[in-house]
1. Provide the solvent-accessible area of ARG54, counting protein heavy atoms only and rolling a 1.4 Å probe, rounded to the nearest 10 Å².
2. Need one value: the accessible area of VAL45 in square angstrom, 1.4 angstrom probe, rounded to the nearest 10.
3. For TRP94, TRP37, TRP70, give me the order by solvent-accessible area with a 1.4 Å probe, most accessible first, ignoring ligands, DNA and RNA.
4. If you look at just the Cα atoms of segment 36-97, how large are its Rg and its Dmax in Å?
5. Sort ASP38, ASP135 by accessible area with a 1.4 Å probe, largest first.
6. Check each of the chymotrypsin sites (Phe, Trp or Tyr not before Pro) in segment 88-140 and keep only those in coil by DSSP with at most 15 other C-beta atoms within 10 angstrom; list them in order.
7. Distance between the C-alpha centers of segment 116-160 and segment 69-95? Whole Å please.
8. Which of the trypsin sites (Lys or Arg not before Pro) found in segment 74-157 are loop residues per DSSP with 15 or fewer other Cβ atoms within 10 Å of their Cβ?
Amino acid sequence: MPSTDRSKAGETLPVDPDLIPDEPPKPRRRPQRPRQWDVLAVIAVGGGTGSVARYGLARALPTSPGGFPWATFLTNVSGCFVLGLFMVYVLEIWPPSRYLRPFFGVGVLGGFTTFSTYTVELRGMIALHHWSLADAYALSSLIAGLAAVWTGIVLARRLSGLPVRRGPRRRTEAGRALKLPEPPQEPSSDIPPRSESTTSGSHPTRGGQR
């Protein structure tokens, strides 16, 4: 009998029990997190403030065609310096704050510094075949940015009286501190124990002879 006829007659075919799930699959739902609209609003205000500051600096230092983009260079380097200075105070000195880091660290500095303008200017130099200028701009921005972050961190720790951290020395001291003490050495079994005769012989007054 065909399967359609069997279903009409009320007959059912046996089903492999291994294929039957124990429980029906439950729909996956992402855990709902409360939306922090206040933090987003603070970041938006900070980002607008930083963007306006960057625009003002770009207008004050316009870049001539084929010239070095000093406005973007000074913007990114100064932003790196302030970021290194700021993070030391936020993480190690000032009490925790809900809005300070999102407003200034993410918003103001995120809107003030720019990687997109740096990339567009670098691409324009390469398109005009200004190879030496493009190399100088790319390398100087990277090296000066790293040096500015390090300078900001060191200056903040100096001003606050905190010790300046040094990576290799601190790692060496940490490794020495974590080194477990060696267990006390047990006497070797090759040395025979002293017998009573040896002990009595070394002190004749304690023996039988007097």
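1. It works out to around 70 Å².
2. Using a 1.4 Å probe on the heavy atoms, I get roughly 90 Å².
3. Sorted by accessible area, descending: TRP37, TRP70, TRP94.
4. In Å, with Rg to one decimal and Dmax whole: 15.4, 47.
5. Per-residue accessible area, sorted high to low, gives ASP135, ASP38.
6. Details: sites: TYR89, TYR99, PHE103, PHE104, PHE112, PHE115, TYR118, TRP131, TYR137; in loops: TYR99, PHE115.
The qualifying sites are TYR99, PHE115.
7. Segment 116-160 and segment 69-95 have Cα centres spaced 14 Å from each other.
8. Working: sites: ARG98, ARG123, ARG157; in loops: ARG98.
Loop-located and lightly packed - ARG98.
The values are calculated or read from the model by the stated rules, or taken from the named source; none is laboratory data. Note that this is a predicted model, so its numbers are computed, not measured. Glycine also receives a Cβ, built like all others from the backbone with ideal geometry; neighbour counts cover every protein chain displayed. Areas reflect the complete protein model, heavy atoms only, side chains present, ligands, DNA and RNA absent. Shrake-Rupley method; radii C 1.70, N 1.55, O 1.52, S 1.80 Å.
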